[in-house]
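Derivation of every value follows stated rules applied to the coordinates shown; laboratory data play no part. Model, not experiment: these values are computed from the prediction. Don't worry about glycine lacking a Cβ; one is built from the backbone with ideal geometry, like all the others, and counts go over all protein chains shown.
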Amino acid sequence: MDLTLKVWRQENRKAKGRFETYAIKNISPDSSFLEMLDVLNEQLIREGQEPVVFDHDCREGICGTCGLFINGRAHGPDEDITTCQLHMRKFKDGDTIVVEPWRAGGFPVIKDLMVDRTAFDKILQAGGFISINTGSAPDGNASLVAKEKADEAMDAAACIGCGACVATCKNSSAMLFVASKVSQLAVLPQGKTEAVRRAKAMVAKMDELGFGNCTNTGACEVECPKNVSLAHIARLNREFLAANLKP
Amino acid sequence: MSNFLNSSIGKKFLMSLTGFFLITFLLVHLLVNSLILFDQSGHLFNQAAHFMGTNPIIKVVEPVLAIGFILHIIYAVILTRQNQRARPIGYKQQKLSGSSSWASRNMFVLGILVFVFLAIHISNFFWKMKFTGHELLEEGAMGNMENAYLLVTTFFQQWYIVILYIIGAIALGFHLTHAFWSAFQTLGLSNSKWRKRLDTIGLIYTLVVAGGFAIIPIWVFIASLI
Ligand code: SF4
Ligand code: FES
């Protein structure tokens, strides 16, 4: 496949960025999107230019490190995948592909396509943990958790912190991320102890770091690679309201 | 409490509560207005209008409703401004139509349209009935019961007014398609099961309310021709 790439280039945090256009040839439709960027970078290095900086680690959809805004969509034109799971067969020969970094005040660009997602760590540090000692793996059936509850917690825990929810949201809201991190603990007995403090602290941190206000458009849920449901946002709202009603 | 109202969810909570209040108001308003359709003599509607204008409970609810409207608008402005600032640099290309509804992305614009319509609508009827009075209200008035029916039905004989009211109903309808479920979601009153149910109930509510408000002027206009 021969393609034209329009890629966001930005020297550093402070610099003003711009789009650069690159022509790239002979890309296999079976290669992944990131492999295509690798080929581009090799080409750039051969030409004596700076390679494009982009985040990636596992390249199998489990770490949440990768994340590009491709042709107007977070993680590109496919459903329920991370950027590293996107394949070139989703594009046509001769296509022009626009590649942008996540755009949000809470995620400043570090260089080119790489953004700083420390904000998510800060939100987690504010309350996304349990501080009671749960000991080693408990005996089976020692602490009973209903199957549905366990499933819900597991679905929420599927969040890999990629930030696609923020990137796609018209309000740059981090509600789906925060909701999943609250939900994964809120439905389990181990998470109940700090439930009140957790919801308040995490929402306060999220607001403080400049993420927008959720208006329930639902775009995050659609673009989330792990299918985290809006139902978790409803639970976060419940947890937060309940926490504020408690003295 | 001030902490709560400064938080993103707290502000949305207020949007949701006032929204629920407005949703209820719309339904009551439509029920009263629909009397125009069911009684050509106008007597039923006049009685209802008289009741709404004089009943002490309604007199208390009226300013509360006005405050609800104002809070809904103020908080919409605050939230929208914050949301615009949350993305200082925008995308070159962004496709949102596949992942969210048009109405959900344009609630603020739709809200402005509804607000403009509301201002016109209030000056058309409520203002005259409550403050300035109108000769049509006097015509055929029974005792202290004004002839609101005559004012309304005469007004809707102008085709451009009918079109204006249809546009108002459409804007309101789009606003409501997102508002209904969203109000529940913000209060945490939704889950995967209820989301679909609330969506359906919301759609029915929207069709009834927006459709109802559009049908009344159309009906009166057509009736005036024959
Ligand atoms: S909720 Fe989904 S989109 Fe958001 S950070 Fe987690 S995995 Fe990514
Ligand atoms: S690189 Fe780990 S999820 Fe894409």
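Each residue of segment A:211-218 was assigned a 3J(HN,Hα) from its phi angle through the Karplus expression (A = 6.51, B = -1.76, C = 1.60, θ = phi - 60°), giving 6, x, 8, 5, 10, 6, 6, x Hz with x at Gly and Pro.
Sequence-ordered 3J(HN,Hα) estimates for segment B:213-226 from the Karplus curve with 6.51, -1.76 and 1.60 and θ = phi - 60° stand at 5, 7, 5, 4, x, 4, 4, 4, 4, 5, 4, 6, 7, 9 Hz, glycine and proline given as x. For the cross-link pairs A:K170/A:K246; A:K226/B:K95; A:K205/B:K12; A:K149/A:K192; B:K12/B:K196; B:K11/B:K92, the ones whose C-alpha atoms lie over 25 Å apart are A:K170/A:K246; B:K11/B:K92. The charge dipole of the protein assembly as shown, taken about its Cα centre with unit charges on the Cβ of Lys, Arg, Asp and Glu (plus for the first two, minus for the last two), comes to roughly 920 debye.
Each residue of segment A:78-84 was assigned a 3J(HN,Hα) from its phi angle through the Karplus curve 6.51 cos²θ - 1.76 cosθ + 1.60 (θ = phi - 60°); the sequence is 7, 9, 6, 9, 8, 4, 5 Hz, with glycine and proline shown as x. Taken about its Cα centre, segment A:87-178 carries a charge dipole of roughly 260 debye when the Cβ of each Lys and Arg holds +1 and the Cβ of each Asp and Glu holds -1.
Under 28 Å of direct C-alpha separation, and excluding same-chain neighbours fewer than eight residues apart, B:K130 reaches these lysines: B:K59. Amide H contacts for A:V98 (H built 1.01 Å from N in the peptide plane; partners 5 or more residues away or on another chain; cut-off under 5 Å): A:K6, A:N71.
Using the Cβ-Cβ distance between A:D30 and A:D2 with R0 set to 25 Å, the FRET efficiency from 1/(1 + (r/R0)^6) comes to roughly 0.95.
Please work out the Cα center distance from segment A:117-158 to segment B:149-184, rounded to the nearest Å. The distance from the Cα centre of segment A:117-158 to that of segment B:149-184 comes to 49 Å. When you count the other C-beta atoms within 10 angstrom of each residue and take the mean per peptide, B:29-36, B:89-96 line up highest first as B:29-36, B:89-96. From its DSSP helices (H runs of at least four residues, each -39,500 (n - 2.57)), chain B gives a residue-normalised ellipticity at 222 nm of -25000 deg cm²/dmol. Loop-located chymotrypsin sites (Phe, Trp or Tyr not before Pro) in segment A:121-213 (DSSP state other than H, G, I, E, B) with a sparse environment of at most 16 neighbouring Cβ atoms within 10 Å: A:F129.
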